[in-house]
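What follows is a short report on a single structure.
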Amino acid sequence: MFGYGGKILTVDVASGDQRIEEYDPAFARAYLGGNGFAAKLCHDRIPPGIDPFDPRNLVVFATGPVTDSVIPGNNRNCVAGKSPLNGLFFDSTFGGRFAGTQRHTGFDAIVITGAAPQPMYLVVDENGAQLTPAKDLWGKPTLQTAQTILDREGWDSDVVSIGPAGERRVRIAALAHYWKNREAFGARGGLAAVLGSKQVKAVVVRGSRKAQFADPDALKALVNETREALKKGTSNLHVFGTPNLVKGINAIGGLGFFNNRFEYSPDAEQVGGERYKAEFHKKDTTCNKCPVACGKTFEVKAGEYAGTVWKMPEYETIYAFGPMLGNLDPASLIKAEELCDQLGLDTISMGVTIAFVLECLERGFLTEREVGVPVGWGKHQAVHRLVEMTARREGFGDVLAEGSARLAARLHPEARKFLHAVKGLEMPAHSARALKGMSIGYATGTRGGSHHDTRPTAQYAPDFDRRNPEGKAAWAIRSQNFTAVDDSLVLCRFTSERGGYGMYLNESYVRMINAATGWDLDLAELDRIGERICALERAFNVREGVSRKDDTLPWRVQHEPIPDGPSKGTFCPPEELDRMLEEYYELRGWSKDGIPTPARLRALGLEFAIQP
């Protein structure tokens, strides 16, 4: 098959048994790759109701039909499994070079099951998998782990590793991948903790099989046609990286401060892209074969964090460890990024969980004695200490390691009003109050509080009616179908959305896929693939008890209008959310309780997912 290796490798790390399966073109055309392959494998192979740390849970690494092609941003890998944070299907993507190297093994999906009797790492090449003891690496930070393994296995290999947080089953643990000077993380949902429960310290890929595409000239032509649009659309990312978003999002009144009490500050640019560029920029970094170079290495030259040289804090990290914690010290955010990356933690969940703690302290739901650290708004040194405690489950860190929703469940019922999470996943830096598309998007998204199911990008355009709930259910469906396809290709959001291909499914994606695979699909079929993947994810979650009751938003989003700034007065009251949900379910062909109907599942070829 063009665009695919045509094989899936499954490894039981408990026994060392492995099997190689071939799949037919019909499977590829139905689920596309990446996200779609992972959703199908997880639905079929993970028994309903099991604990995410059960050895029968899976961790799936999957590539897509344009991986290792000439399409910019193609070196992203999808990693998926049942999340230990919220118990639902979860997939995350990361860049670097790992995906392209996995493609060279010939395995489009690597499926890891079981639990090893001792720490090990997995090496995958064209012949299958080898298990290598890794007791000496247990407890090591992510970068040291990767470098040690590359010294042993060869620097033509690529490595994904977990840190101390993943080893200790911290439910917000992140996977790390380092390639040259580029750092990349599969951070959300705690999938690194699932690897930790399996005693898998790292996954290594190496191979020499080249990807074959049906019409390489057509792919090159598409790249040439969109070259200028890519350059123009990503110019700010090239210059500033994602910290560039701080200024614009704050300007519309959608940047969370002090655990999202406020969504605007005239001082936000203290941690914005321009300041970081002027004071801390050391060099640009990029993923393999990508011309954008949105990555940056920063260096702190003065102050208490002088000597810190690390990747820039992404916009989401800036939000979670900066404004959400009442902290506008830019150097401290670089240090927070380094700590989380090396220890293997999701910066969004970590920072937002601490923000919840700070408000609970202020309101008397927690005491400083319980926390054990004199933490408060703007006290970044104490925040860094909590990060270290969380990764090692020390003291109150053992509570933080469970995530904010579990912490809220332990406290006074009133504390839940200040929880900033959906379906147990801490929310990112795109306002559910100021952006009505995100209101319905977060509520219905598979992952919960993630900006990668429904996308915020289009909502920042000047001509987007971001405050009006009318039509936003249909818009969210369109966005979700797009992201399901984009994560199955697997493509970078920046190069796809801003690179001339588009923020929604269109003929450019049809041309791309047909040129890669030799198929003759049209736009209607492509949209149906996106819908199929979304419905399958929902079916997985329905088995785990998800229904309309879970398609909700934080109390503050529904009951407290934004108090000031450009979006003053906006929020998503319960009756407004209910109206959007009714429309969403009807358009999806789901029941009023949010369950995909048997008729709709049959129409999508998902008969096997119908609940008994």
Quick one: is Gly248 buried (at least 18 other Cβ atoms within 10 Å of the Cβ) and either farther than 17 Å from Tyr315 by Cβ or not basic (Lys, Arg) (or both)? no
Say we look at the range 465-482 and pick out the residues that are touching a residue at least 24 places away in the same chain (Cβ under 8 Å) and not in a helix (DSSP H, G or I); which of these is farthest from Gly565 (Cα to Cα)? Pro469
Could you say whether any residue in the range 525-541 is more than 24 Å from the chain's Cα centre (by Cα) and either exposed (fewer than 13 other Cβ atoms within 10 Å of the Cβ) or not assigned by TED's automatic domain parsing to the domain that holds Gln480 (or both)? no
Per the filter on the range 540-570, residues in contact (Cβ under 8 Å) with a residue 12 or more places away in the chain and at positive phi are Gly565
Of the numbered conditions (1) out of contact with any Gly (no Cβ under 6 Å at 6 or more places or on another chain); (2) surrounded by fewer than 20 Cβ atoms within 10 Å (Cβ to Cβ), Ala14 fails exactly one; give the number of that condition. (1)
Which residues, taken from the range 35-47, are assigned to a helix (DSSP H, G or I) and more than 13 Å from Cys534 (Cα to Cα)? Leu41, Cys42, Asp44, Arg45
Residue by residue through the range 1-17, note down the ones that are part of a loop (DSSP other than H, G, I, E, B) and of a type outside the set (Ser, Thr, Tyr). Met1, Phe2, Gly3, Gly5, Gly6, Val13, Ala14, Gly16, Asp17
Of everything in the range 493-521, what is more than 18 Å from Pro72 (Cβ to Cβ), of a type in the set (Ser, Thr, Tyr) and part of a helix (DSSP H, G or I)? Give them in sequence order. Thr517
Does the range 132-154 include one or more residues that are over 15 Å from Tyr178 (Cα atoms) and touching a Leu at 6+ places or on another chain (Cβ under 7 Å)? no
Pairs needed: first member in the range 483-505, outside the structural domain of Ala461 (by TED's automatic domain parsing); second member anywhere, at pLDDT 95 or above and not in a loop (DSSP other than H, G, I, E, B); C-beta distance under 9 Å; at least 6 residues apart or different chains. none
Got at least one residue in the range 63-82 being of a type in the set (A, V, I, L, M), assigned by TED's automatic domain parsing to the domain that holds Val170, over 23 Å from Arg182 (Cβ atoms) and surrounded by 24 or more Cβ atoms within 10 Å (Cβ to Cβ)? no
Find all pairs meeting these conditions: Cβ atoms under 6 angstrom apart; at least six residues apart or on different chains; first residue within the range 138-157 and over 20 Å from Asn288 (Cβ atoms); second residue part of a loop (DSSP other than H, G, I, E, B) and not hydrophobic (A, V, I, L, M, F, W, C). Trp138/Pro119; Pro141/Gly163
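The values are calculated or read from the model by the stated rules, or taken from the named source; none is laboratory data. These numbers were taken from a predicted model, which means no experiment stands behind them. Don't worry about glycine lacking a Cβ; one is built from the backbone with ideal geometry, like all the others, and counts go over all protein chains shown.
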